[in-house]
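J.: Please find one structure pasted underneath; my questions will follow.
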Amino acid sequence: MAAPLEGGALRPHKELVKTVQLEGQVLLKIIQHCSEALPQLVTGQLLGLDVGQQLEVTDCFAFPAAVAEDDVEAESAGANYQLEMMRCLREVNVDNNTVGWYQSANMGTFQTLELIETFINYHENIKKCICIIYDPQRSSRGNLALKAIRLKESFIELSKEQKLTLKGFREANLSWRDIFVELPVKVRNSNLVQALVADLMPAPTATQADVDRLNMSVAPFLERNIQSLVESVDDIVQEQQKVTMYHKSVARQQQAYAAWLQKRRQENTQRLQDNLEPLPEEDPTLFKPIPEPSMLDNYLVTNQIATYCDQINFAASEAIQKLFMMEGMQKAGL
């Protein structure tokens with residue numbers, strides 16, 4: 001996963017990022033890197049500038065695949081590669097301010113603890129950081145599956161305070177929908193690029209993307225999404241079992257404490273009759289508070305389930321529209 005660099009955007013920011021402006025060449029680089037690396041998931045660095053509430057991504061570069069077996073060695077090699085790339089870009093007078101990173105996803109799966117930790121690490125030095133998620137498998141169906149996300153500020157503060165429990169989320173008024181904030185993405189091309197595209201653009205014909213949109217087969221896509229959805233449901237059941245076990249442990253501890261307290265009070269009553277000093281009725285060594293389990297895994301899995309449901313709903317609606325269109329064409333004799 002990408003690591004934040006000390007050289008990028010260290011000044012504090014009071015305004016939050018509301019929109020992301022992506023250069024056309026950056027979009028093409030991301031698509032090429034993620035598509036060529038399939039089925040491996042890859043990542044890369046985003047460079048650019050922040051202007052008020054808009055983040056302008058003007059360049060990017062890919063991270064090489066880790067070849068070292070040792071995690072520490074691989075992380076060190078990745079950091080050295082980033083520093084060398086930043087130095088080279090600075091020498092040729094290219095924007096070298098780090099504004100985040102991009103990564104590929106598999107069928108919309110990206111809500112992970114690793115993503116949260118990377119966001120938190122970036123946020124230490126770069127307050128306005130984003131992550132661009134590109135899904136090459138979903139894009140192969142004719143629609144560009146790309147989104148820009150950031151963490152909600154209140155969630156970042158809650159994470160730094162290590163209050164990712166049910167009580168902490170409730171006090172901060174956060175739900176599982178409030179972890180990530182999706183930002184609108186606008187693709188921009190310079191006037192020279194637009195003039196070149198207009199000059200090179202052939203006569204209007206059906207492209208491969210147009211053909212992919214007319215593909216009537218949705219069974220493989222729905223099957224993979226439903227399979228992932230079932231796995232996520234199993235994960236959420238396991239997370240709920242952890243919460244249930246926590247409450248059972250708390251109940252058992254309370255029962256044991258009540259029995260111990262009753263016995264201690266009986267002992268103190270006897271000691272008072274014997275003119276002895278009563279024993280304390282609190283023993284912190286025997287009944288230590290049981291730590292409440294973190295709700296972050298639960299919320300992330302719930303967020304992922306919602307993503308799969310949205311993808312299934314979109315694919316099913318699209319298939320129904322195609323069927324009605326084909327039925328109309330057949331009745332019209334086309």
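J.: Just to verify a number: FRET efficiency for His247 and Leu196, C-beta to C-beta distance, R0 = 51 Å, to 0.05?
T.: Here the calculated transfer efficiency is 0.20.
J.: Determine the calculated [θ] at 222 nm for the chain from helices alone, applying -39500 (n - 2.57) to every DSSP H run no shorter than 4 residues and normalising by the residue count; nearest 500 deg cm²/dmol. Don't jump to the answer; show the numbers that get you there.
T.: Details: 10 runs with 172 residues, N = 334.
Taken over the chain, the calculation gives -17500 deg cm²/dmol.
J.: Once you put a point 7 Å from the Cα of Gln255 and another 7 Å from the Cα of Met329, both along the Cβ direction, what distance in nm separates them?
T.: 6.7
J.: Quick test of the membrane-span-like rule: which DSSP H helices of the chain reach at least 15 Å along their long axis (C-alpha atoms) with mean Kyte hydropathy at least -0.5? Walk me through the intermediate numbers first.
T.: Details: long enough: 24-36 (18 Å, 0.35); 71-91 (30 Å, -0.60); 113-125 (19 Å, -0.25); 219-273 (81 Å, -0.98); 296-331 (53 Å, -0.04).
Span-like helices here: 24-36, 113-125, 296-331.
J.: State, as an integer percentage, the relative contact order of the chain based on alpha-carbon contacts under 8 Å between residues 6 or more apart.
T.: On the way: 400 pairs, mean separation 61.4, N = 334.
Once normalised by length, the contact order is 18 percent.
J.: Let me ask something else about it. In the stretch 141-186, with Lys and Arg counted as +1 and Asp and Glu as -1 at Cβ, which of these residues, Asn173, Asn143, Leu183, has the Cα nearest the positive end of the dipole, that is, farthest along it?
T.: Asn143
J.: Keeping the other protein chains in place, figure out the carbon and sulfur percent of the accessible area of the stretch 60-170, with a 1.4 Å probe.
T.: 48
J.: Can you give me the pair-distance distribution of the chain, C-alpha pairs, 20 Å bins, whole percents?
T.: P(r) over the chain, rounded to whole percents: 23, 46, 21, 8, 2, 0.
J.: Count the net charge of all other residues whose Cβ sits under 13 Å from the Cβ of Gln311, scoring Lys and Arg as +1 and Asp and Glu as -1. Please report the intermediate quantities before stating the final value.
T.: Numbers: positive: Arg138, Arg141, Lys147, Arg224; negative: Asp135, Glu223, Asp310, Glu318.
Combined, the nearby Lys, Arg, Asp and Glu give 0.
J.: Treat every Asp and Glu Cβ in the stretch 144-193 as -1 and every Lys and Arg Cβ as +1, leave all other atoms uncharged, and give the resulting dipole magnitude about the Cα centre to the nearest 20 debye.
T.: 140
J.: So if we plug the beta-carbon distance of Asn106 and Glu267 into 1/(1 + (r/R0)^6) with R0 = 51 Å, what FRET efficiency do we get, rounded to 0.05?
T.: 0.25
J.: Now for a separate question. Under 25 Å Cα to Cα from Lys160, which lysines show up? Leave out anything in the same chain fewer than 8 places away.
T.: Once the sequence-local lysines are set aside, what remains near Lys160 is Lys14, Lys18, Lys127, Lys128, Lys152, Lys242, Lys288.
J.: Once the Cβ-Cβ distance between Ser76 and Leu279 is put in as r, and R0 is 56 Å, what FRET efficiency do you end up with, to the nearest 0.05?
T.: Values: r = 57 Å, r/R0 = 1.01.
The calculated FRET efficiency here is 0.50.
J.: Here is a follow-up. What distance in nm lies between label points placed 7 Å from Cα along the C-beta direction at Asp234 and Leu38?
T.: Using points 7 Å along Cα→Cβ, the separation is 2.5 nm.
J.: Using a 1.4 Å probe, what is the accessible area per residue for the chain, in Å²?
T.: On a per-residue basis, 61 Å².
J.: Could you work out how far apart the two model spin labels at Leu49 and Lys288 are, taking each label as a point 7 Å from the Cα in the direction of the beta carbon, and quote it in nm?
T.: 5.5
The values are calculated or read from the model by the stated rules, or taken from the named source; none is laboratory data. Being a predicted model, the structure only gives us computed values, none of them experimental. Cβ atoms come from the backbone with ideal geometry, glycine included; neighbour counts cover every protein chain shown. Accessible surface areas use protein heavy atoms only, side chains included; no ligands, DNA or RNA. Shrake-Rupley method; radii C 1.70, N 1.55, O 1.52, S 1.80 Å.
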